[in-house]
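Before any comments, here is the structure.
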Amino acid sequence: MNTEIPIWRIKYYPRSLNEFCGRDSIKETLQQIIKQKNFPHLLFIGSEGIGKTTLAQLFAKEFLGNYYDTNFKLVYANVPLSDDERNQAKSEAYISTSKIGSIAGKRITTPAFIQIKVKPFVQLKVIGDAPFKILIVKNFESLGSDQQGFRRLMEIYGSNCRMILITTKISNIIDPIISRCQIILISRVKIDRFKDLIIEIAKNESLVIDDTVIEALYKVSEGKISKAIDLLQLCSISGKTIDMQKLYEHSQRFQNDLIKNLLLLTLQGDFPKSRELARKIISNYKYDSHEVFTLLLKELNKLPLNKFTRNKLINLIADSDFRAIDGRDIDIQISALLSKICLFSEYL
Amino acid sequence: MSNKIPWVEKYRPQSLKEMALSSAKVSGHRIKLDEELTNFIKNFYIEIKKINEENRKIRAYNRTAIEKDQKEELKISPEKAAILLEGPPGIGKTSIVYALANDLNMEVIETNASDTRTRKTIERRLKETTKTRGIMDFITQSKDKLILIDEIDGLYGVQDRGAVPTILELIENTQFPIIMCSNEYKTSLQPIYNKIQRVEVHPLPENEMLKITEKILEKEKISNLTNEDLELIIDKNNGDLRGVINDLQGISQGIMEKDNKELILSLHRDSIEEIFSLIRELFQVTTLTEARSLTDKSDVDYNFLYKWINENLPTFLKANRDIANAYENLSLADEIFGRIRKTQYWGLLPYFYDLFAGGVALSRKETPPIKGFRRVIFPRYSTGSYFSLTTAEKEFAEKIQKIYEISPIEFLQDLLPFLKTLSTSSRKQLKIISDWLELDAKEKKLLK
């Protein structure tokens, strides 16, 4: 077997805090914490794909040292539970033994996610010589009202297990959680550190790349390192020299063309076909309705349209996204948007 | 005469070879049902032979040893003694067990929901056969036995009290392999689930069912059912082969001269057909009162009905303006319904009714009136279905997750599309990646 890792983003994945690219002030704070061997619950905030989880994980690894494997867990709040897990959570519900008060004799259920993924870990005592366990909860905002369940958990089991909550949207986190955590803001990597990293990779893979191209790469990848590395690898297939033209060509291909196609098809006014395509995209990528709407909006802004058309389309997308918040059937909401765009296309 | 035998029994397959096998899964992995069951039975007999021999030695030892030195007799482990087949009704779970027994020349001892299953009756029926072999067994070379506990999810109520512990005990002490069948998950059966292997059985694909029904019609010499009729029957039964065969018998042994379609319609007037005709009528109404009275008098669950309307809307409305108007109403109805469920503000319900039925039906302005028969389609897009990966995607993700921390969602939306672009741009890359991750054919397909 080839020992060389063929996927670059995995190959150049940082193995320690020092290797992690840029963000020196945050790294310093974290290193300070490691020295003190103590920290409160943390809340990592930053936009998508810039390395929050990587940072949190590397931090936990260095904090726990040898006891990392047994005292660490990473859970994804946005990945739904399987049917079996759901059933298990249901079967673990119990009837309150309290004889007075509002919960007397009622069936007590804990939110399934907490019951299955979180509670068993935080209840278990620390194994080995670590000061406490570390739990990372990714996409914490997607828990919605289940966040309430974390309030007590963080207090009761706080001495046993510290949590690092990771989120992209601070506005969706409830206040009691924010007040229980130390907030750490994570910015995207600065361009000069990004350059250093890319030059190092280029050296390793014997690529030829100049400064202006790296700057363009930074722009195209929006400062997301894994995305930049992906793009670099794609470009490298057709030769070791990487120039502007290649970069733009690949970044076009690399981006999700399906949504753009969907938008174009809909603007031609064929409703049944565009609904078919939308369903295909959703079932392939398993997007939820909000994701589809934001992707559509993103693609819309790239299309050359006059300002009235653009305004009208944004209005339609916003309206549908708004309805989908309470709506129960995302297919209806997405079909509604498509049908309205189809109608609108007749006036173009 | 032969007319009196239900066709379901008449055409029950005698051997696995003549059976169209349903696909099956064990904890998410696809398996071959026939191999799995045959292996299960073979392994059971190997295991039980070993254990019996061991126990004979222990018993001999115990007879001479003093009490505190006595050894416990061995018991077979539950997952080797019993297996559970789970799946919707009528897809051939019982049939496969009988066919298997026939192939292996075994006798089936069956208990199902029609027997009362108190502790005593189960004990009487099964324990005797499981614990001891009858006297006759020593004289004649009798058949091996297979215990089938059908419909175990039907174990409930007062009469079946104590059945679960009895079955557990039975599994521990059995001398014969046990196969259980069940339609759905039951919390009360959790102790059983914990101990044994569960096999998920899926319905047959429609083309397989079509082949089977065609064969039966040929044998019964029935020629006036068209393929379209058969498809309609199969459609309606939703994977339930037993239901399909029962329907066929019902139609063909009714009055053959009558229009077939009418007969089919009459079979399931209560459920699907009602929706079919309701949808057709609804798209033809011209006033709100008509639309209201249609939805009022039907028993169809509205929770369900508006999804049918969503699916069939483009079949009945053609002009973009009409479609957009209809969806304006339908999406508002959906939002209102969601809000009712969230806030329990049931005062909003009348709007929901008028918007999803009347609002949609009355959006017809530019589309010409419907002429002729329009086929109503089942709602295909099931919402409320949670994010879930196919087996191949899951295995692929797990391989990646061993070396690289990534959530299933990121894997599907971010990494997999990248790997796909990478490996479609050069064959060499595809080979390197699939060699490195040791991908099998199915997982490789995800990259193409």
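The values are calculated or read from the model by the stated rules, or taken from the named source; none is laboratory data. Small disclaimer: the values here were computed from a predicted structure and weren't measured. Here the Cβ positions follow ideal geometry from the backbone for every residue, glycine too, while neighbour counts run over all protein chains shown. Quick note on the areas: whole protein, heavy atoms, side chains included, nothing else; ligands and nucleic acids left out. Shrake-Rupley method; radii C 1.70, N 1.55, O 1.52, S 1.80 Å.
Points worth noting:
- Protein-only accessible surface order, largest first, of B:17, A:340, B:431 at 1.4 Å: B:17, B:431, A:340
- Alpha carbon centroid spacing (whole Å) that separates segment B:206-236 from segment A:261-329: 42
- Restricting segment A:1-58 to trypsin sites (Lys or Arg not before Pro) in coil, as DSSP defines it, with at most 11 other Cβ within 10 Å: A:15, A:37
- Average other protein chain Cβ within 10 Å of Cβ, residues A:263-272: 2
- Rounded D (µm²/s) - the protein assembly as shown, Kirkwood Rh over Cα pairs, Stokes-Einstein at 10 °C, 1.306 mPa s: 50
- Shielding value for B:414-424 is 5, the average number of Cβ atoms from other chains within 10 Å of each residue's Cβ.
- Across peptide A:334-347, the mean count of Cβ atoms from other chains lying within 10 Å of each residue's own Cβ comes to 5.
- Karplus 3J(HN,Hα) series, Hz, for segment B:338-350 with 6.51 cos²θ - 1.76 cosθ + 1.60 (x for Gly, Pro): x, 5, 4, 5, 6, 9, 6, 8, 6, x, 7, 4, x
- Between segment A:205-240 and segment B:430-445, the Cα center-to-center distance that results, in Å: 25
- Mean-position separation - Cα centroids, segment B:401-420 and segment A:179-199, in angstrom: 22
- Accessible surface of residue B:29, taken over heavy atoms with a 1.4 Å probe and every protein chain present, rounds to 90 Å².
- Heavy-atom SASA rank of B:40, B:373 (probe 1.4 Å, accessible area, largest first): B:373, B:40
- Residue pairs, from the table B:394/B:442; A:190/B:420; B:17/B:211, whose Cα atoms sit over 19 Å apart: A:190/B:420
- Each stretch of four or more DSSP H residues adds -39500 (n - 2.57); spread over every residue of the protein assembly as shown, this sum gives -15500 deg cm²/dmol at 222 nm.
- Here is the list for segment B:389-448: GluC sites (Glu not before Pro) lying in DSSP coil, each with at most 13 other C-beta atoms within 10 angstrom of its C-beta, are B:438.
- Cβ-Cβ FRET estimate between residue A:252 and residue A:62, R0 fixed at 35 Å, reported to 0.05: 0.35
- Under the simplified labelling scheme, the residue A:284-residue B:108 pair shows an inter-label distance of 4.4 nm, with each label point 7 Å from Cα along Cα→Cβ.
- Taking the accessible area of the protein assembly as shown, probe 1.4 Å, and keeping the other protein chains in place, the carbon and sulfur fraction comes to 51%.
- Per residue, the accessible area of segment A:258-345 comes to 44 Å², computed with a 1.4 Å probe over protein heavy atoms only.
- Principal semi-axes of the equivalent ellipsoid, √(5λ) from the alpha carbon gyration tensor of segment A:1-83, are 22, 19, 15 Å from largest down.
- Based on protein heavy atoms only, segment B:391-445 ends up with 49 Å² per residue of surface accessible to a 1.4 Å probe.
- Residues along segment B:425-448 losing 40 Å² or more of accessible surface when the other protein chains are present rather than the chain by itself (probe 1.4 Å): B:425, B:436
- Only the Cβ atoms of Lys and Arg (+1) and of Asp and Glu (-1) were treated as charged; on that basis the dipole of segment B:40-99 about its Cα centre amounts to roughly 220 debye.
- Set of lysines near residue B:365 by C-alpha distance (under 27 Å), chain-local residues within fewer than 8 positions excluded: A:273, A:312, A:340, B:297, B:307, B:318
- Association of chains A and B removes close to 5500 square angstrom of accessible area from solvent, both sides included, for a probe radius of 1.4 Å.
- Here the convex hull built on the C-alpha positions of segment A:258-345 has a volume of 78 cubic angstrom per residue.
- Rounded to 5, percent antiparallel among DSSP beta bridges of the protein assembly as shown: 20
- Cα pair distances of chain A binned at 10 Å [whole percent]: 5, 19, 24, 26, 19, 7, 1, 0
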